[in-house]
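In what follows, a structure is listed as structure tokens, so that the remarks can point back to it.
The values are calculated or read from the model by the stated rules, or taken from the named source; none is laboratory data. Given the structure is predicted, the values throughout are model-derived calculations rather than measurements. Don't worry about glycine lacking a Cβ; one is built from the backbone with ideal geometry, like all the others, and counts go over all protein chains shown.
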Amino acid sequence: MGDTLTKKILKEHLAVGDYIPGNEIGINIDQTLTQDATGTMAYLQFEAMGLDKVKTELSVSYVDHNTIQVGFENADDHKYLQTVAAKFGIIYSKAGNGICHQVHLERFGKPGKTLVGSDSHTPTGGGIGMIAIGAGGLDVAVAMGGGPFYITCPKVYKVNLTGELKPWVSAKDVVLKMLEMFTTKGNVGVVMEYGGPGVKTLSVPERATITNMGAEMGVTTSIFPSDEETRKFLRAQGREDDWISLEADTDAEYDKVVELNLGEVEPLASAPHSPGNIVKVSDMDGTKIDQVEVGSCTNSSYKDLMTLAKILKGKRVHPDVSLGVAPGSRQVLQMITKEGALGDIIDAGARILESACGFCIGNSQSPKTDAIGLRTSNRNFEGRSGTKSAQVYLVSPEVAAVSAVTGKFTDPRSSDFQYPNVTMPSQFLIDDSMFIFPQDADPNVAIYRGPNIGDPPSNEKLSDSIVGEVMLKVGDKITTDHIMPAGARLKYRSNVPKYSEFVFEPIDTSFPKRSMENKEKGKHNIILAGESYGQGSSREHAALCPMYLGVKAVIAKSVERIHAANLVNFGIVALAFKDEADYEKVEAGDEVELPEIKQKLMDNQPVTLVNKTKNTELELTYSYSQRQKEILYEGGLLAYTVK
């Protein structure tokens, strides 16, 4: 029996454990990336480890999230990141150079390598044949220090692609079709591996769109083979020497095989308020819209922007629509400028936005009250746009462009627009001048620390018993945006006491104050949740800030992969009901106890929830490796690492 592509790369990088699906394994990491919204805390934690330099083949610090500089906080943090990069031997990508995933794909991604990044859309690198995984900043810090990165050895599903996309159907529609098939939950511990004859019809940017938004399915990562199309892309980037041929063995066995005929895919959209709410664009035809935003790490490549420009050329954006366009990288912006496409976009009436995450994370371009908006980004959680009442749909650049002109949701197949044929360039414009490449780590560099930066808070060791109150009860699909708001609040990311004032702000603004008061009384705080708790961003602050407020346990029907790891990293115990119906038997405000939890974890015994308010006992379950238990005993990964 041959090996899957996933198994080939993971086995080559295996550092701890055996390749047995379901078991915990540790893998060696070749490359890391951070972005400024999560990177400051990652580097503060790296500093706390006392190392003198990074030990990876390559680590890059990108500034792409908090580029809006209102107040001193973001500019101060960027200077901190630049000086840290110089001190420890990290490549620094300045603000304006582009979105981390788009730029990394262009300039650093290598087939067969492992990449871990402090952003949930790091799987974008799978489009070039990498095992690329999103993680919390602390996990990235450990990887930068040369430590293994731990995951559950995955199940591997093969997506067998056949056929070819029809005109007006794009890679965005392919991944939306995948979300329709697999939804946003129930895919923890899975790698989606794409293969079949249809693969060769997709360019690397198209593949990257699919692997990028595969994150919304909750999978560990997604990956395409490295073939002649990959080689062509790397040659155009002046990096053909980075190419290797890499594919699954013909007799490889998979845990599941699904068939997807690209020729049968049609234009789709994600309806509010989840990427998994899939509808046909044809069913939305004629719905009036107010705003269109094109960009994000999902759809901001050269191909995406040239497609947009060809559709808009000689036309005007509808008077009632605001169109914003954010090229994904400086390379893309330079190329569409030199080729005249940017002029066509401007002439049509679009607003040109910075090459940054911007509207995708809700820190700019918030729509009006009750607006209907189309975006080419990857998430449409309630309020993520910055306007809670807005109805945001996720669509392809083709649908976005045509609809911006018509002023309504439009299926381009039934329009009078001419289909834009865009060919990939044989050579991209190479200008790496906005990277700062260190010669080596320099211990003499003085790290800049603005007043918004503090030390990463620590947690005490796990108590023998957890005794306290259920401070909040929430339902299903609670995202990290619900727990730790993005947008304008992200400027406090380096200041945990301040950022903690906004924990669960979209759900219960009283949570931080009540939790801190409880903590000061010596009581523990507990959160109760439904299915798929913590989906979305890799933002470790969604565990770090609750830890600061005294949260000791999360009891949920299920927790998503990255957030579950982040909870362990900050010493918060995640437990599940043995019987999901027991979720209804506990309420916010109940006084509860998890007696002898430390000993029960040590002995691998079930944990009991004693509800003192209702005078009941419920059995809870968990799934921890011995390593994870030891991290919890120490109060978190940082304490475990430096002990």
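Is it true that residue 108 is modelled with pLDDT of 95 or more, of a type in the set (Phe, Trp, Tyr) and either within 22 Å of residue 545 (Cβ to Cβ) or outside the structural domain of residue 563 (by TED's automatic domain parsing) (or both)?
Judged against the criteria, residue 108 is a match.
Is one or more of the residues making up segment 287-305 closer than 21 Å to residue 201 by Cβ, modelled with pLDDT of 95 or more and β-branched (Val, Ile, Thr)?
The answer is yes, given that some residue of segment 287-305 is closer than 21 Å to residue 201 by Cβ, modelled with pLDDT of 95 or more and β-branched (Val, Ile, Thr).
Can you tell me which condition residue 642 does not meet? The list is (1) over 21 Å from residue 24 (Cβ atoms); (2) modelled with pLDDT of 95 or more, and all the others hold.
All conditions are met except number (2).
From the list 147, 117, which one is in contact with a Gly (Cβ under 7 Å, 6 or more places away or on another chain) and of a type outside the set (A, V, I, L, M)?
Exactly one residue qualifies, and that residue is 117.
Can you pull out the residues in segment 59-105 that are at positive phi and either among the β-branched types (Val, Ile, Thr) or modelled with pLDDT under 95 (or both)?
Once the filter is applied, which keeps residues that are at positive phi and either among the β-branched types (Val, Ile, Thr) or modelled with pLDDT under 95 (or both), segment 59-105 yields only 71.
Of 620, 567, 609, 575, which residue is outside any strand (DSSP E or B) and in contact with a strand residue (DSSP E or B) (Cβ under 7 Å, 6 or more places away or on another chain)?
567
Filter segment 561-571 down to the residues that are at pLDDT 90 or above and crowded, with 24+ Cβ neighbours inside 10 Å, then identify the one that is farthest from residue 540 (Cα to Cα).
Here the residue is 571.
Of the residues 308, 260, which is under 24 Å from residue 179 (Cβ atoms), aliphatic (A, V, I, L, M) and either assigned to a helix (DSSP H, G or I) or without any contact (Cβ under 8 Å) to a residue 24 or more places away in the chain (or both)?
The conditions single out 308.
So residue 504 ticks every box in (1) crowded, with 17+ Cβ neighbours inside 10 Å; (2) modelled with pLDDT under 95; (3) at positive phi but one. Which box is left unticked?
(2)
Tell me which residues, restricted to segment 225-267, are among the aromatic types (Phe, Trp, Tyr) and either surrounded by fewer than 19 Cβ atoms within 10 Å (Cβ to Cβ) or over 20 Å from residue 302 (Cα atoms) (or both).
243, 254
Assigned to a helix (DSSP H, G or I), surrounded by fewer than 23 Cβ atoms within 10 Å (Cβ to Cβ) and either of a type outside the set (Val, Ile, Thr) or at positive phi (or both) - does that describe any residue in segment 127-136?
The answer is no; no qualifying residue exists.
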